Amino acid sequence: MEIPGRDIEADEDYNPFEHRKLAHPTSDMDTLIHLLKGSLGSGILAMPMAFLNAGLFFGLVATFAIGGICTYCVHILVKTAHELCRRIQKPSLGFAETAEAAFLSGPPAVHKFSRLAKAMVNWFLVIDLLGCCCVYIVFVSRNVKQVVDFYTKDSEYHDIPLRVYMVALLPLLILMNLLRNLKYLAPFSMIANLLVGTGMGITFYYLFQDIPSIHDRLPFTGIERLPTFFGTAIFALEGIGVVMPLENNMKTPTHFIGCPGVLNTGMFFVVSLYAFVGFFGYLKYGEHTASSITLNLPENEVLGQSVKLMIAVAIFFTYSLQFYVPMEIIWKNVRHWFGAKKNFAEYSIRIALIVMTLCIAIAIPNLGPFISLVGAVCLSFLGLIFPSIIETVTFWDRPNGLGRFNWVLWKNIFLVCFGILGFLTGAYVSILDIIQGED
């Protein structure tokens, strides 16, 4: 990317949306459905555990608060990307490209950091999505183990170590992820969506049986567990990685962040559903709430066992979709090293990354703290800190760019501080829990 001249920027008539040439643009409804699919992941199953760490009523309020902050940060990222598209006269920008363009078109002192900004966004996306892949391996193994243990009570195969189940997944993971074309992964995505929908429906059936009184649960558990709540909640709610590709492919991109807009509608539904599952999951199981709500379902009922296996298969298929993006980012940056042996190199890198995610999962089989750690480390930066910095740099030297009394600057300083506080405390508590072996 080149530094745009101010004479080019002076063309106020340039409308980036008119210059987007899309073979198959998506309607508002299509984009809303994709946003829901991208945001409604395995994190929803961990929300009752988040409420366990926050309390019944504090967790409810805090989930909507964090959801509102995350949605606002997506707003400022998309709004800033639109402004930068107009400045550099480019039809669309991805997340990492937006960071690079912001530093190139910002104050001269920050131009030299543009490539670093792009690399930071890309690498945090890679770490986040590979971290999710590690969580998925632990999740699938735990659910399968629970079902197998029930049917092997009186045999030598009872209570096989969790790590053995993880290793057994390796050949299947390698086979699935040798598919390099998203088109071939689409049927697995559809199957995963059907399985998750069915599994969640049966889970709700169990949640609403014999519900205890709300007075039997703590309204607020105490400040010492809030960092874990933050990490888990932001892991569940933050779908920022899918936002820019969706917005860039819309037929009417101005509807994405309008009022009510696709983003507001989708995130309101997502946050409400997550709060609903968290509230009733913790209300039902209390102090016995597991790191995934499926692990609380009855072990001795076929219906409960079927949910565990359905969700395990769905998350297994979702691994391939999550793996696709970090592999694309890594491959684009290293493909020029391999000359004529590109195919062999790409397959080798794929297998090496899969083995790496498996080794990390084997090293950290504590599902709850692992989820919180990934959320606190990666999504604090991607969801809160980076969008705030990008907006500040973009409007820093523009007339009244930071608003009256520099309120945009003060607001972004608060968001960055909030993100750093969540990152430090969430990572610290999660690492302590992992060391102590708590789940």
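Roughly what angle does helix 386-395 make with the longest principal axis of the chain, taking Cα atoms, 0 to 90 degrees, to the nearest 10?
10
Just going by the charge dipole of the chain, with Lys and Arg at +1 and Asp and Glu at -1 on Cβ, which of T26, F338, G426 is farthest out on the positive end?
F338
Under 10 Å, Cα contacts only: if you run a Gaussian network model on the chain, which one of G403, G67, G422 comes out with the highest mean-square fluctuation?
With Cα springs under 10 Å in the chain, the top fluctuation among G403, G67, G422 is at G403.
For a quick check, take a GNM of the chain with Cα springs below 10 Å and name the residue from P161, P326, P48 with the largest mean-square fluctuation.
Taking springs between Cα atoms under 10 Å, the residue moving most is P161.
Taking Cα pairs under 8 Å and at least six residues apart, what relative contact order does the range 151-294 come out at, in percent?
On the way: 32 pairs, mean separation 41.7, N = 144.
Result for the range 151-294 is 29 percent.
Cut-off 10 angstrom, C-alpha nodes, Gaussian network model of the chain. Which of N300, N15, N366 fluctuates the most?
Among N300, N15, N366, the largest GNM mean-square fluctuation belongs to N300.
Mean separation of Cα pairs under 8 Å and 6+ residues apart, divided by the residue count of the chain: what relative contact order is that in percent? Numbers along the way, then the final one.
Working: 617 pairs, mean separation 143.4, N = 439.
Here the relative contact order equals 33 percent.
If you work out semi-axes √(5λ) of the Cα gyration tensor in Å from the coordinates, which of [x] 34, 25, 22; [y] 40, 23, 22; [z] 38, 26, 20 do you get?
After the calculation, the listed value that fits is [z].
How long is the gain from L22 to E299 if the chain were fully straight, where each residue apart is worth 0.36 nm and the alpha carbon distance is subtracted?
So the extension gain works out to 94.8 nm.
Can you give me the long-range amide H partners of T26? Hydrogens built in the peptide plane at 1.01 Å from N, cutoff under 5 Å, separation of 5 or more residues or another chain.
Those qualifying (amide H under 5 Å, at least 5 residues apart or on another chain) are M250, K251.
Using only Cα atoms, tell me the angle between helix 302-334 and the longest principal axis of the chain; keep it within 0 to 90° and round to the nearest 10.
30
Which listed residue (T198, G368, T357) has the Cα farthest towards the positive end of the charge dipole for the chain, taking +1 on Lys and Arg C-beta and -1 on Asp and Glu C-beta about the Cα centre?
Farthest along the dipole direction, towards plus: T357.
By how many degrees, between 0 and 90 and to the nearest 10, does the Cα long axis of helix 182-207 differ from the longest principal axis of the chain?
On a 0 to 90 degree scale, this one is about 50.
Using θ = phi - 60° and the Karplus relation 6.51 cos²θ - 1.76 cosθ + 1.60, list the HN-Hα couplings for the range 13-28 in order, rounded to whole Hz, with x at every Gly or Pro.
Computed from phi, the couplings for the range 13-28 are 7, 5, 10, x, 5, 6, 9, 7, 10, 10, 5, 9, x, 9, 6, 4 Hz.
Given an 8 Å cut-off on Cα distances and at least 6 residues of separation, report the relative contact order of the range 311-439 as a percent. Intermediate values should be presented prior to the final figure.
Numbers: 67 pairs, mean separation 39.9, N = 129.
Once normalised by length, the contact order is 31 percent.
Scan the chain and hand back the longest stretch that contains none of the chymotrypsin sites (Phe, Trp or Tyr not before Pro) lying in DSSP loops with at most 15 other Cβ atoms within 10 Å.
On the way: sites that count: Y157, F208, F220, F338.
Here the longest run is 1-156.
Roughly speaking, what is the stretch gain from I435 to F414, that is 0.36 nm per residue apart minus the C-alpha to C-alpha distance, in nm to one decimal? All intermediate terms of the calculation are to be shown ahead of the outcome.
Working: separation 21, 0.36 × 21 = 7.56 nm, distance 3.13 nm.
Extending this stretch completely gives an extra 4.4 nm.
Quick one: length gained pulling D13 to Y72 fully straight, 0.36 nm per residue minus the C-alpha distance?
18.5 nm
No value in this document is a laboratory result; all are computed from the given coordinates. The model shown is predicted, which means the values in this text are computed figures rather than measured ones. Don't worry about glycine lacking a Cβ; one is built from the backbone with ideal geometry, like all the others, and counts go over all protein chains shown.
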